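*Asks:* Take this structure first; my questions come after.
The values are calculated or read from the model by the stated rules, or taken from the named source; none is laboratory data. In this text the structure is predicted, and so the values were computed from the model without any measurement. Reconstructed Cβ throughout: ideal geometry from the backbone, glycine too, with neighbour counts over all protein chains shown.
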Amino acid sequence: MWNIGKAVIVTNNDWVFEKYKTITHVICLGTYEEVLIKTRDLVHNRHHLLTHPQASSLKPNQTPYRSVMVYPNAADDTDDNMNDIILIEKCLEVFYQWQEIAPAPGKYTDNVMRDFKVIDASMIDSVIPRIFI
Amino acid sequence: MRLELGKIEIRDIQFADRTYIGDHILYVNREEIEKLVLEDDKLLSCRLDIARPNEAVRITPVKDVIEPRVKVSGGGEIFPGVIGKVSPPVGEGRTHALDGCCVVTVGRIVGFQEGIIDMSGPAADYCPFSKTVNLCVVIEPKEGLETHVYERSGRLAGLKVAAFLGEAGRHVKPDTVEVYETKPVFKQAAEFPDLPKVGYVHMLQSQGLLHDTYYYGVDAKQFVPTFMYPTEIMDGAIVSGNCVAPCDKVTTYHHLHNPVIDECYKRHGKEINFMGVILTNENVFLADKERHSDMVAKLAEWMELDGVLITEEGYGNPDTDLMMNCRKVERKGTKVVLITDEFPGKDGKSQSLADTCEEATALASCGQGNMTLHFPAMEKIIGMQDYIESQIGGWAGCMNEDGSFEAEIQIIIASTIANGFNTLAAKGY
């Protein structure tokens, strides 16, 4: 059903970029917000979401890292992607809502940053075997 | 399945030269427990401490909380597939619980997700483990371990200690014995034909590394939705392995004491016919979400349920599973009530869930996690306060020099737990 080489990972986590850049297409950006915006652009441009853009249950103002996988619509796919569009738009709305509650901290200690990277990468790690089926 | 749950009331824990229960006191041989924990060569040190209600004590960072239990008869062993043998299954016969005491595993797993238990002061009102006598197992990993390797060591340490202490209750006469029974689906349906058939859709946290739950030892993201007898859960067939936000972390204690199961059994045969548990998970891969919510709806239809209660664990991604389950179960003709906590901002005005659907018309709220609270300095800290500012609910600069701090109640273990094992709620006016 899926071809891993066609999947696109949008991320700002350099661990994810380094691990998967030779397996599939990885777009590496600077911030959590940029990842969501790029994902939204892709979803509006005939890509389905493969992973939930808020995976991990970490609030958007807590983790600095976010990785999302999308997949291009098949040529004969007539789906208007509306479910994916609603989901990613909702995630952006929730992101801004949490920034109003309290902005994301600019800097954590190195070991905390590392833990955030580990957890974000694990979301992608757990999905890769599902796509290789 | 029919389970007799015998509760042995424990009023205090004291260190002694052997481990046993006498006159409602759990005596613990400290060296024996420390040796048991340090059988794991990934752990560098283990220190035991006791925290009692009303003491000026703060426990943090808390990984898991577990009630000691033992299988006395009926087959199977406590925490099957993790500590006990995976087969035969649990949920039948007799189990003894050490009621009123807990094992609390303490130590940094990830710097931002473990929470706080205050044994007194304002935060104690929000935490069920401020009212139990707690044996704190403070562990420290060896240098250089991967986080998930250490998480496993911490998880197993707590479960091992709880199973070991549970053995002390094997031959003790319980103070109370409660009996729970759920029959096979057709027999159960026939038992109370005039009562509405009610099921419980139990969503387990299963999003990935450090966000896992285990079912008979299986990582919950690897199974497809299935049926469970509720009594299996009372015998430790589900254990926590996750490090999500402290406020809605479903600890292993909460699995043993699932309030939805408890309440459904109280009304079983009177107001409802409690048919059992549909177990499902919360995955990252959207195809899994669609597939598993379809299966949940199919099971609800197959059991001919009139109504289900659904609980989740976590925020964001699980809200999507919650809504998918709600929508699909409702469309099969089964009424749904959701139970969850909320994050609507400090003023309570923002939308409180990350996803919604039009079928979600009945929801019981377990309170909101964004409220802030002053946490006074405590005389004693079990663990360390080094991570308060990066723990969920804290923020840079929230810590004061005297050891007090301000934080959202998200930082308190189980303060807004999304299955209702707490005291917070929301009311409509």
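*Asks:* When the residues of region B:400-429 are narrowed to those that are outside any loop (DSSP other than H, G, I, E, B) and touching a helix residue (DSSP H, G or I) at 6+ places or on another chain (Cβ under 9 Å), which ends up farthest from residue B:343 (Cα to Cα)?
*Replies:* B:405
*Asks:* Check every one of the strands (runs of 3 or more DSSP E) wholly within region B:226-303 and list those with 1 or more residues that are more than 14 Å from chain A (Cβ to nearest Cβ), closer than 30 Å to residue B:113 by Cα and within 12 Å of the chain's Cα centre (by Cα).
*Replies:* Once the strands (runs of 3 or more DSSP E) in region B:226-303 are filtered for at least 1 residues that are more than 14 Å from chain A (Cβ to nearest Cβ), closer than 30 Å to residue B:113 by Cα and within 12 Å of the chain's Cα centre (by Cα), what remains is B:238-242.
*Asks:* Let me ask something else about it. Limited to region B:88-141, what total is found for residues that are hydroxyl-bearing (Ser, Thr, Tyr) and in a loop (DSSP other than H, G, I, E, B)? Write out each step before concluding.
*Replies:* Let us first name the residues in region B:88-141 that are hydroxyl-bearing (Ser, Thr, Tyr), namely B:95, B:105, B:120, B:126, B:130, B:132.
Now restrict to residues that are in a loop (DSSP other than H, G, I, E, B): B:120, B:132.
Residues in region B:88-141 being hydroxyl-bearing (Ser, Thr, Tyr) and in a loop (DSSP other than H, G, I, E, B): 2 in total.
*Asks:* If only one of B:161, B:260, B:185 is crowded, with 20+ Cβ neighbours inside 10 Å, in contact with a strand residue (DSSP E or B) (Cβ under 9 Å, 6 or more places away or on another chain) and farther than 28 Å from residue B:26 by Cβ, which one is it? Reasoning before the result, please.
*Replies:* Numbers: B:161 fails: farther than 28 Å from residue B:26 by Cβ; B:185 fails: crowded, with 20+ Cβ neighbours inside 10 Å.
Checking each option against the conditions leaves just B:260.
*Asks:* Quick one: residue B:213 ticks every box in (1) crowded, with 22+ Cβ neighbours inside 10 Å; (2) on the phi > 0 side of the Ramachandran plot; (3) of a type in the set (Ser, Thr, Tyr) except a single one, so which number is it?
*Replies:* (2)
*Asks:* Please verify whether residue B:377 is loosely packed, with under 15 Cβ neighbours inside 10 Å and among the hydrophobic types (A, V, I, L, M, F, W, C), treating the condition exactly as stated. Please lay out each step first, then the result.
*Replies:* Values: loosely packed, with under 15 Cβ neighbours inside 10 Å: no; among the hydrophobic types (A, V, I, L, M, F, W, C): yes.
Spelling it out, it is not the case that residue B:377 is loosely packed, with under 15 Cβ neighbours inside 10 Å and among the hydrophobic types (A, V, I, L, M, F, W, C).
*Asks:* (1) of a type outside the set (Lys, Arg); (2) touching a residue at least 12 places away in the same chain (Cβ under 8 Å); (3) surrounded by fewer than 20 Cβ atoms within 10 Å (Cβ to Cβ): which one isn't true of residue B:205, the others all being true?
*Replies:* (3)
*Asks:* Now for a different question. Of everything in region B:40-70, what is closer than 29 Å to residue B:233 by Cβ and β-branched (Val, Ile, Thr)? Give them in sequence order.
*Replies:* Matches in region B:40-70: B:50, B:59, B:60, B:62, B:65, B:66, B:70.
*Asks:* Out of B:333, B:397, B:348, which single residue is modelled with pLDDT of 95 or more, assigned to a loop (DSSP other than H, G, I, E, B) and on the phi > 0 side of the Ramachandran plot? Show your work before the answer.
*Replies:* Details: B:397 fails: modelled with pLDDT of 95 or more; B:348 fails: modelled with pLDDT of 95 or more.
Going through B:333, B:397, B:348 in turn, the sole match is B:333.
*Asks:* Another question, if that's okay. Pick from region B:171-210 the residues that are modelled with pLDDT under 95 and touching a Lys or Arg at 6+ places or on another chain (Cβ under 9 Å): which of them is farthest from the other protein chains (Cβ to nearest Cβ)? Give the derivation first.
*Replies:* Kept after step one, since they are modelled with pLDDT under 95, are these residues of region B:171-210: B:205-210.
Adding the requirement that they be touching a Lys or Arg at 6+ places or on another chain (Cβ under 9 Å) leaves B:205-208.
Details: B:205: 7, B:206: 9, B:207: 6, B:208: 4 Å.
In this case the residue turns out to be B:206.
*Asks:* What number of residues within region A:15-65 satisfy the criterion of being buried (at least 23 other Cβ atoms within 10 Å of the Cβ), part of a loop (DSSP other than H, G, I, E, B) and at pLDDT 95 or above?
*Replies:* Adding up the residues that qualify gives 0.
*Asks:* Right, here's the next one. Any residue in region B:266-287 that's farther than 30 Å from residue A:51 by Cα: show its pairings with residues that are part of a strand (DSSP E or B) and of a type outside the set (Phe, Trp, Tyr) at Cβ separation under 6 Å, as long as the two are six or more apart or on different chains.
*Replies:* Matching pairs, first to second residue: B:272/B:198; B:273/B:197; B:274/B:198; B:274/B:268; B:275/B:197; B:275/B:199.
*Asks:* Run residue A:78 past the list (1) of a type in the set (Val, Ile, Thr); (2) facing chain B (nearest Cβ under 8 Å); (3) not in a helix (DSSP H, G or I) and report the number of the one that doesn't hold.
*Replies:* The number of the failed condition is (2).
*Asks:* Going through region A:46-103 one residue at a time, which ones are touching a residue at least 40 places away in the same chain (Cβ under 8 Å) and farther than 27 Å from residue B:370 by Cβ?
*Replies:* A:50, A:69, A:70, A:71, A:72, A:84, A:85
*Asks:* Could you list, in sequence order, the residues of region A:105-120 that are in contact with a Phe, Trp or Tyr (Cβ under 7 Å, 6 or more places away or on another chain) and more than 8 Å from chain B (Cβ to nearest Cβ)?
*Replies:* Once the filter is applied, which keeps residues that are in contact with a Phe, Trp or Tyr (Cβ under 7 Å, 6 or more places away or on another chain) and more than 8 Å from chain B (Cβ to nearest Cβ), region A:105-120 yields A:117, A:120.
*Asks:* Go through (1) touching a Gly at 6+ places or on another chain (Cβ under 6 Å); (2) under 21 Å from residue B:414 (Cα atoms) one by one and return the number of the condition residue B:237 breaks.
*Replies:* Only one criterion in (1) touching a Gly at 6+ places or on another chain (Cβ under 6 Å); (2) under 21 Å from residue B:414 (Cα atoms) is unmet by residue B:237, namely (1).
*Asks:* Filtering region A:88-104 down to residues that are of a type in the set (A, V, I, L, M, F, W, C) and within 7 Å of another protein chain (Cβ to nearest Cβ), which residue is surrounded by the most Cβ atoms within 10 Å (Cβ to Cβ)?
*Replies:* So the first thing to find is which residues in region A:88-104 are of a type in the set (A, V, I, L, M, F, W, C), and the list is A:88, A:91-92, A:94-95, A:98, A:101-102, A:104.
Still in the list and also within 7 Å of another protein chain (Cβ to nearest Cβ): A:94, A:101-102.
Details: A:94: 24, A:101: 17, A:102: 15.
By that ranking, first place goes to A:94.
*Asks:* Follow-up. Tally time: how many residues in region B:236-295 are hydroxyl-bearing (Ser, Thr, Tyr) and closer than 30 Å to residue B:407 by Cβ? Walk me through it before giving the result.
*Replies:* Applying the first criterion (hydroxyl-bearing (Ser, Thr, Tyr)) to region B:236-295 yields B:240, B:251-253, B:265, B:280, B:293.
From the residues that got through so far, the ones that are closer than 30 Å to residue B:407 by Cβ too are B:240, B:251-253.
Qualifying residue count for the region: 4.
*Asks:* Here's another thing I want to ask about it. Could you list, in sequence order, the residues of region B:190-245 that are among the acidic types (Asp, Glu) and farther than 30 Å from residue B:393 by Cβ?
*Replies:* First, the residues of region B:190-245 that are among the acidic types (Asp, Glu): B:191, B:194, B:212, B:219, B:232, B:235.
Of everything in region B:190-245, those that are among the acidic types (Asp, Glu) and farther than 30 Å from residue B:393 by Cβ turn out to be B:191, B:194, B:232, B:235.
*Asks:* Got a sec? Which of A:124, A:85 is more than 10 Å from chain B (Cβ to nearest Cβ) and outside any loop (DSSP other than H, G, I, E, B)?
*Replies:* On the way: A:124 fails: more than 10 Å from chain B (Cβ to nearest Cβ).
Criteria check complete, one pass: A:85.
*Asks:* A further question on this structure: Do we find that residue B:58 is in contact (Cβ under 8 Å) with a residue 60 or more places away in the chain and more than 14 Å from residue B:155 (Cα to Cα) in this structure?
*Replies:* Working: in contact (Cβ under 8 Å) with a residue 60 or more places away in the chain: yes; more than 14 Å from residue B:155 (Cα to Cα): yes.
Criteria met by residue B:58.
*Asks:* Quick check on my filter: what residues within region B:339-395 are within 21 Å of residue B:419 (Cβ to Cβ), more than 11 Å from every other protein chain (Cβ to nearest Cβ), touching a helix residue (DSSP H, G or I) at 6+ places or on another chain (Cβ under 6 Å) and not small (Gly, Ala, Ser)?
*Replies:* Correct list: B:341, B:359, B:371.
*Asks:* Now a separate question. Quickly run through region B:53-76 and pick out the residues that are over 20 Å from residue B:19 (Cα atoms), over 18 Å from the mean Cα position of the chain (by Cα) and not small (Gly, Ala, Ser).
*Replies:* B:53, B:54, B:55, B:57, B:58
*Asks:* Being within 14 Å of chain A (Cβ to nearest Cβ), surrounded by 24 or more Cβ atoms within 10 Å (Cβ to Cβ) and polar (S, T, N, Q) is the filter here; which residues of region B:98-149 pass it?
*Replies:* Selection gives B:113 alone.
*Asks:* Ok, one more. Restricting to region B:43-85, give me the number of residues that are part of a loop (DSSP other than H, G, I, E, B), at pLDDT below 95 and on the phi < 0 side of the Ramachandran plot.
*Replies:* At the first step, the residues of region B:43-85 found to be part of a loop (DSSP other than H, G, I, E, B) are B:52-56, B:67-68, B:74-79, B:81-83, B:85.
Next, from what is left, pick out any that are at pLDDT below 95: B:75.
From the residues that got through so far, the ones that are on the phi < 0 side of the Ramachandran plot too are none.
Summing the residues that are part of a loop (DSSP other than H, G, I, E, B), at pLDDT below 95 and on the phi < 0 side of the Ramachandran plot in region B:43-85 gives 0.
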